[in-house]
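Student: What follows is a structure written as structure tokens; I'll ask about it next.
Each value in this text was obtained by applying a stated rule to the coordinates, not by laboratory testing. Worth saying up front: this structure is predicted, and the values here are computed from it rather than measured. Here the Cβ positions follow ideal geometry from the backbone for every residue, glycine too, while neighbour counts run over all protein chains shown.
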Amino acid sequence: MAPQRVDARHEAAHDKDRLGRRLLLTGLAALGALPAATASAAPNFVGASRNFRTSDGVNLHYIDAMPASGAGADHVMVFIPGWTMPGWIFSPQLTYFARYCRVIALDPRGQGDSEIPSSGYTAQRRGQDIAELLAAIGVPKVVLVGWSLGVLDSLAYVAAHGGGRLSALVLIDNSVGENPPPRAEPEPRGRYHRPLPYPARMKAFVRGMFRTPQSQSYLNRLTATCLITPEPAARALLNYQVPRIFWRNAVYAAHVPILYVVRPHLSGQAANLAANDPDAESVVFADAGHALFVDDATRFNTVLANFLRQKVWI
């Protein structure tokens, strides 16, 4: 009789897994047809603020949100923000997807509510921080989503650890080392052509990330949060000592489905990535700013939901 009880438990577990998968895919299909405002009107999920300690002793913070019902929580998305940015900049995605799967947004070291250490502002250490985040949350597979500098941090993780713990890789609006190389953007300068002071430079940078109007309170909050990162750390983060071929090798070494979402200035790299990797899909946002997942959240969430449904959680 004991073996029959064991088999029954296994069958019940499989049934639960199949039910959760059906609910997830049904939810993702519905998400593709919903406007972002509808999703945010009834956030049927629970969120928490969590921390973990890295191997070099730094306390890192992350947001952890999942469906209130628990269904689909085994499917995990991990968001890595860009230069000086907090994890909460992904609020449109946290609200949109956390009703159907588990969504995590990291505050990288020196950013948001994470500790500000004196060191570790390198691609290799930040990639290791991602590896240790994945170990801390303790799930076998995640969809890793990196934006801007978070693209490089995510690729540094892949270069060191491979794609074995990834279900997919989503890279948003930064170079992946493909051709053609991106053109450097000019640094904001003041009246007499000198670089602006750090607070003014950050204010200009934040405003410049958006093409659609954002409220002044939102811009002020985001700028104040970005200024938490000390200027020396911010400079170090803009000076990763890594050749372009490193990023290209990493993206092709992932061996997982890839979604590459960019603005027109990276459309050449997007076309080459899609041509060279049969598992890669590229989408160009012609009418959005650098923070395109905020600027055009409805389209971005729909593109990502379709990618997950068609290529990842199928």
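Student: Between residue 46 and residue 132, what FRET efficiency follows from the Cβ-Cβ distance if R0 is 25 Å, with the result rounded to 0.05? Don't skip to the end; give the middle numbers.
Tutor: Values: r = 24 Å, r/R0 = 0.97.
Efficiency computed from Cβ-Cβ geometry: 0.55.
Student: So if each residue of separation counts as 0.36 nm, and I subtract the Cα-Cα distance between residue 194 and residue 215, what length gain in nm does that give? Walk me through the numbers on the way to the answer.
Tutor: Numbers: separation 21, 0.36 × 21 = 7.56 nm, distance 2.88 nm.
Result: 4.7 nm gained on full extension.
Student: Which ³J(HN,Hα) values, rounded to whole Hz and listed in residue order, are derived for the range 266-280 from phi using the Karplus coefficients 6.51, -1.76 and 1.60 in 6.51 cos²θ - 1.76 cosθ + 1.60 with θ = phi - 60°, glycine and proline given as x?
Tutor: 10, 5, x, 5, 4, 5, 5, 4, 5, 6, 8, 10, x, 8, 9
Student: Here is a follow-up. For residue 275, put the label point 7 Å out on the Cα→Cβ axis and report which residues of the range 164-182 keep their amide N under 15 Å from it.
Tutor: It comes to 178-181, nothing else.
Student: Further question on the same structure: Can you bin the range 257-314 into rounded, prolate or oblate? Criterion: square roots of the alpha carbon gyration tensor eigenvalues sorted a ≥ b ≥ c, rounded for a/c under 1.5, prolate for a/b above b/c, oblate for the rest. The partial results should precede the final answer.
Tutor: Values: a/c = 3.25, a/b = 1.11, b/c = 2.92.
Here the range 257-314 falls in the oblate category.
Student: Can you tell me, using C-alpha contacts under 8 Å and at least 6 residues apart, the relative contact order of the range 47-177 as a whole percent?
Tutor: Values: 275 pairs, mean separation 32.8, N = 131.
The value is 25 percent.
Student: Take peptides 151-164, 278-291 and line them up by average Cβ neighbours within 10 Å, highest first, as a rough protection proxy. Let's see the in-between values first.
Tutor: Working: 151-164: 22.1, 278-291: 17.6.
Result, highest mean Cβ count within 10 Å first: 151-164, 278-291.
Student: Any idea how far the Cα center of the range 61-77 sits from the one of the range 86-116, in Å?
Tutor: Between the Cα centres of the range 61-77 and the range 86-116 lies a distance of 12 Å.
Student: Shape call for the range 163-314 from the C-alpha gyration tensor, a ≥ b ≥ c root eigenvalues: rounded (a/c under 1.5), prolate (a/b greater than b/c) or oblate?
Tutor: Details: a/c = 2.04, a/b = 1.53, b/c = 1.34.
It is prolate, given that a/c is not under 1.5 and a/b is the larger ratio.
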